[in-house]
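Novice: Sharing a structure with you now.
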Amino acid sequence: MRVAPELILTNEERGELMRLVRSRLSSVRLEQRAGIVLLAADGFQNKDIAQMLAIGRVQVSRWRQRYGLYRLAGIERDLPRGAPPMTVDVARLVELTTQSKPEAATHWSTRTMAEELGVSAASVSRHWRAHGLKPHLVRGFKVSRDPKFVEKLEDIVGLYMSPPEHALVLCCDEKSQVQALDRTQPGLPMKKGRACTMTHDYKRNGTTTLFAALNVLDGQVISQCQKRHRHIEWLKFLSQIDRETPKDKALHLIADNYATHKHPKVQEWLAKHPRFNMHFTPTSASWLNMVERFFRDISERRLRRGVFTSVHELVTAIDEYVVHHNTDPRPFIWTKSARDILQKVIRANSRLSSKQNATLH
């Protein structure tokens with residue numbers, strides 16, 4: 001029969017253990033462990049202590065042994081569990097993520113980086129989050145090379161942030177080739193525990209072009225759907241804008257550099273309608289036109305997951321969305337000044353130039 005080793009306490013140790021047992025500030029675990037040690041020092045065996053305290057004999061043996069080895073420190077804290085923590089070379093992790101690529105891949109994943117450094121994928125993910133690194137994402141960009149970029153930027157941002165009196169500022173553009181897509185099979189509706197379904201393939205039933213003019217002041221949208229987007233259709237849309245806006249208001253139209261907007265026939269029409277003032281965005285800077293924000297909304301909310309068996313259904317859906325939008329329009333608020341945007345563009349140009357020089361050398 002195995003007998004537990006004798007446990008001898010000094011007067012100071014016994015007094016400290018008694019204090020832990022009687023104190024209301026001690027945790028229940030620490031109070032119980034101190035009681036085990038006191039009973040063991042009084043000569044009781046593990047099985048007797050287990051019966052007296054209504055706990056397991058293995059638990060009694062554990063804390064008796066730890067106190068014998070480490071004294072009070074042995075019962076104050078649990079030993080660390082699991083494998084020892086892996087150390088991560090954070091500096092190398094950041095350097096590899098930002099300045100290199102894995103073999104036969106365009107970017108690092110948590111698993112490929114974990115394999116490279118010999119750590120866990122969870123550790124890589126944690127340090128990426130701490131340093132704001134997202135290798136799986138990429139943002140599209142295009143820096144404008146328009147020689148009149150500054151002039152056009154200040155003109156358009158000025159219209160947004162300080163619109164002229166007795167005038168309307170309209171952001172105009174066309175969303176071309178909007179497809180009437182029908183799915184090859186009907187999808188299933190969403191229910192608890194399952195997302196709605198939609199086939200990956202589709203049938204094309206024709207296209208339409210959405211012309212839109214967004215009123216910067218109140219968010220109202222003037223729209224028109226047409227089969228094509230030539231200068232003829234653009235003139236029809238300009239005529240609609242002329243009809244649906246107050247005649248006593250000057251109109252400032254913001255548009256991109258699409259050739260249709262500058263066609264000679266269009267120039268003739270504008271000369272006969274002097275209240276129309278055209279303002280063109282810089283090349284490769286469609287983000288300056290706030291109607292693009294409206295196009296994004298209608299694509300996300302109505303078109304992308306829509307099912308249309310004909311162009312007529314598509315046009316009806318677009319018209320209904322515009323009517324719904326105009327019942328409670330909310331204008332998009334422009335907050336960036338021309339100076340802030342210009343400084344950002346200058347920084348981007350300098351970085352691109354340094355990158356190109358480094359590539360050439």
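Novice: How would you order 289-299, 132-142, 323-333 from highest to lowest mean count of nearby Cβ atoms within 10 Å?
Specialist: Ranked from most to least packed, the peptides come out as 289-299, 323-333, 132-142.
Novice: Candidates (1) 73, 27, 23; (2) 38, 27, 17; (3) 34, 29, 17; which is the computed semi-axes √(5λ) of the Cα gyration tensor in Å?
Specialist: Step by step, semi-axes √(5λ) of the Cα gyration tensor in Å for this structure corresponds to label (1).
Novice: How big is the charge dipole of region 33-118 about its Cα centre, in debye rounded to the nearest 20, if each Lys and Arg gets +1 on its Cβ and each Asp and Glu gets -1 on its Cβ? Can you show the working numbers first?
Specialist: Details: 12 positive and 9 negative charges, 108 e Å.
About 520 debye.
Novice: Please list 212-218, 313-319, 100-106, 53-59 highest first by mean number of surrounding beta-carbon atoms within 10 Å per residue. Could the numbers behind the result be given before it?
Specialist: Numbers: 212-218: 19.9, 313-319: 17.7, 100-106: 9.3, 53-59: 12.3.
Packing order, densest peptide first, comes out as 212-218, 313-319, 53-59, 100-106.
Novice: In degrees, nearest 10, range 0 to 90: what is the angle between the Cα axis of helix 11-22 and the longest Cα principal axis of the chain?
Specialist: 50
Novice: Work out the charge dipole of the chain with +1 on the Cβ of Lys and Arg and -1 on the Cβ of Asp and Glu about the Cα centre, then indicate which of Ile49, Ala348, Tyr67 is farthest towards its positive end.
Specialist: Going by the charge dipole, the pick is Ile49.
Novice: Filter the cross-link list Lys134/Lys191; Lys249/Lys344; Lys142/Lys272; Lys142/Lys249; Lys152/Lys247; Lys227/Lys265 down to pairs whose alpha-carbon distance in this structure exceeds 29 Å. If you can, show how the numbers build up before the last one.
Specialist: Values: Lys134/Lys191 33 Å; Lys249/Lys344 35 Å; Lys142/Lys272 36 Å; Lys142/Lys249 35 Å; Lys152/Lys247 27 Å; Lys227/Lys265 19 Å.
Checking Cα-Cα distances, Lys134/Lys191; Lys249/Lys344; Lys142/Lys272; Lys142/Lys249 exceed 29 Å.
Novice: Then there is this: So for the chain, taking the charge dipole from beta-carbon charges (+1 Lys/Arg, -1 Asp/Glu), which of Leu159, Leu238, Gln224 sits furthest toward the positive end?
Specialist: Gln224
Novice: May I pose another question? At a 10 angstrom cut-off on C-beta neighbours, averaged per residue, how do the peptides 26-33, 170-177 rank from highest to lowest?
Specialist: Ranked by mean Cβ neighbours within 10 Å, highest first: 170-177, 26-33.
Novice: Choose one of His127, Leu303, Phe276: the residue whose Cα lies farthest towards the positive end of the charge dipole of the chain (beta-carbon charges +1 Lys, Arg; -1 Asp, Glu; about the Cα centre).
Specialist: Most positive-ward Cα: His127.
Novice: Please report the antiparallel percentage of DSSP beta bridges with both residues in the chain, rounded to the nearest 5.
Specialist: Details: 18 of 28 bridges.
Around 65 percent antiparallel, to the nearest 5.
Novice: For region 90-130, what is the charge dipole size about the Cα centre, in debye to the nearest 20, if Lys and Arg each add +1 at the Cβ and Asp and Glu each add -1 at the Cβ?
Specialist: Values: 5 positive and 4 negative charges, 38 e Å.
Dipole of region 90-130, to the nearest 20 debye: 180 debye.
Novice: Test of the criteria: in region 203-270, which chymotrypsin sites (Phe, Trp or Tyr not before Pro) are in a DSSP loop and have at most 16 other Cβ atoms within 10 angstrom of their Cβ?
Specialist: Details: sites: Phe211, Trp234, Phe237, Tyr258, Trp269; in loops: Tyr258.
Taking region 203-270 and a limit of 16 other Cβ atoms within 10 Å, the loop chymotrypsin sites (Phe, Trp or Tyr not before Pro) found are Tyr258.
Novice: When the Cα centres of region 286-351 and region 98-114 are compared, how far apart do they sit, in Å?
Specialist: 35
Novice: Additional query: Whole angstrom only: what separates the Cα centroid of region 1-43 from the Cα centroid of region 169-207?
Specialist: Here the two parts' Cα centres lie 72 Å apart.
Every number in this text was worked out from the coordinates using simple rules, so none of it is lab data. Everything quoted here is computed from the prediction, not taken from an experiment. FYI the Cβ positions are ideal-geometry reconstructions off the backbone, even for glycines, and counts take in every protein chain you see.
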